[in-house]
């Protein structure tokens, strides 16, 4: 399977060797592939565990894997064997980026510790995507999305608002950290273009997600001495939620003084615009529970479509609540070509993949379907200079594997 032509893409000519698995790293490298990089996914003989996570029509091609690994090539190397490790080193000779989620204590045994890589491949950007930063007491501990959601304050935020400790019902820690990792790798590549040298990039999930949580929720603790506790009251209000209408739910966001004045006029209560509790952002924040309770009371009196029309007329942001199923038929997503349907080369039908929404010069890059396990092993090895007999030897000893 060939990747789509990417000659006009921003990352054309950048080769990424991706040793990461599960979600954090693959989500980051998928963005690099979407932006035109050649991403070579190096998998162990058993393959990435997400190949078996979720609905599946073909072996080792489950839905979660499909959602994380488009625009990549798959090569299988057994890094427990010396020939497999040597093959990886030869891949790195022509690479721009190495990214991995291998815990630091295992790196040296593979010859992938930062000092060795920096010396051997001075132009290589080495990105370590782990749970915790080096130098702290948590360094080297395993981390998964649920663990980081709990440690970084996300669970506490849900508990403060709802009274119940729960995770966000999405792999928020993995995906947020993955986005930051992609940005950090791009920044390192830009730095290399200016200095001529690569270097190391460390992206620890715990620190990244703690920063994410505290942007607005550090609140009064931003100041020393403190002006109050943590937590942004408007966002944490139990009444900040999609509001029930007469026949459904509505997301509505009066925000400015003008928004609220128009809303109060619409509900026949213009005098509330001069109520001292609601006359400015600071006052509304202090009385946010009263304000949101009032909002909920009046929204319940009309249908969703009536409120969507009214809010459009008075220029207040509002929208109906979409289900996940609604997204599949959303007219805007359809018009911009958000979903791409790709035929599989294994006779297993087609796959539908969501896009990123990002366009360069008005164009979205077409996707290639996620690869089968080891689909490109021989082609990649040949492309970096392996002779036919060398490839045959790797396959014979099991240090490499090619898909059927």
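Just give me the residues in region 32-47 being buried (at least 17 other Cβ atoms within 10 Å of the Cβ) and without any contact (Cβ under 8 Å) to a residue 60 or more places away in the chain, in sequence order.
Correct list: 33, 38, 39, 42, 44.
Within region 259-278, is there a residue that is surrounded by fewer than 18 Cβ atoms within 10 Å (Cβ to Cβ), within 34 Å of the chain's Cα centre (by Cα) and within 30 Å of residue 210 (Cα to Cα)?
So far as region 259-278 goes, no, none of its residues is surrounded by fewer than 18 Cβ atoms within 10 Å (Cβ to Cβ), within 34 Å of the chain's Cα centre (by Cα) and within 30 Å of residue 210 (Cα to Cα).
Which residues, taken from region 229-256, are more than 17 Å from residue 319 (Cα to Cα) and at pLDDT 95 or above?
Hits for region 229-256 are 229, 230, 231.
Is it the case that some residue within region 85-97 is closer than 23 Å to residue 339 by Cβ, crowded, with 22+ Cβ neighbours inside 10 Å and within 22 Å of the chain's Cα centre (by Cα)?
The answer is no; no qualifying residue exists.
If you go through region 190-206, how many residues are part of a helix (DSSP H, G or I) and surrounded by fewer than 18 Cβ atoms within 10 Å (Cβ to Cβ)?
Going through region 190-206 one residue at a time, the tally reaches 5.
Among the numbered conditions (1) out of contact with any strand residue (DSSP E or B) (no Cβ under 9 Å at 6 or more places or on another chain); (2) touching a residue at least 60 places away in the same chain (Cβ under 8 Å); (3) over 24 Å from residue 199 (Cα atoms); (4) assigned to a helix (DSSP H, G or I), tell me where residue 65 comes up short.
All conditions pass for residue 65, except number (1).
Would you confirm whether any residue within region 302-316 is part of a loop (DSSP other than H, G, I, E, B), surrounded by 13 or more Cβ atoms within 10 Å (Cβ to Cβ), out of contact with any helix residue (DSSP H, G or I) (no Cβ under 6 Å at 6 or more places or on another chain) and modelled with pLDDT of 95 or more?
yes
Exactly one condition in (1) buried (at least 16 other Cβ atoms within 10 Å of the Cβ); (2) closer than 21 Å to residue 157 by Cβ; (3) in contact with a strand residue (DSSP E or B) (Cβ under 8 Å, 6 or more places away or on another chain) is not met by residue 250; state its number.
Status for residue 250: all satisfied but (2).
In region 165-179, is there at least one residue being touching a helix residue (DSSP H, G or I) at 6+ places or on another chain (Cβ under 8 Å), over 18 Å from residue 209 (Cα atoms) and modelled with pLDDT of 95 or more?
Checked region 165-179: no residue is touching a helix residue (DSSP H, G or I) at 6+ places or on another chain (Cβ under 8 Å), over 18 Å from residue 209 (Cα atoms) and modelled with pLDDT of 95 or more.
Any chance region 117-132 includes a residue that's without any contact (Cβ under 8 Å) to a residue 40 or more places away in the chain and assigned to a loop (DSSP other than H, G, I, E, B)?
No, there is no match, as no residue in region 117-132 is without any contact (Cβ under 8 Å) to a residue 40 or more places away in the chain and assigned to a loop (DSSP other than H, G, I, E, B).
The values are calculated or read from the model by the stated rules, or taken from the named source; none is laboratory data. Being a predicted model, the structure only gives us computed values, none of them experimental. Neighbour counts run over all protein chains shown; Cβ positions are idealised from the backbone, glycine included.
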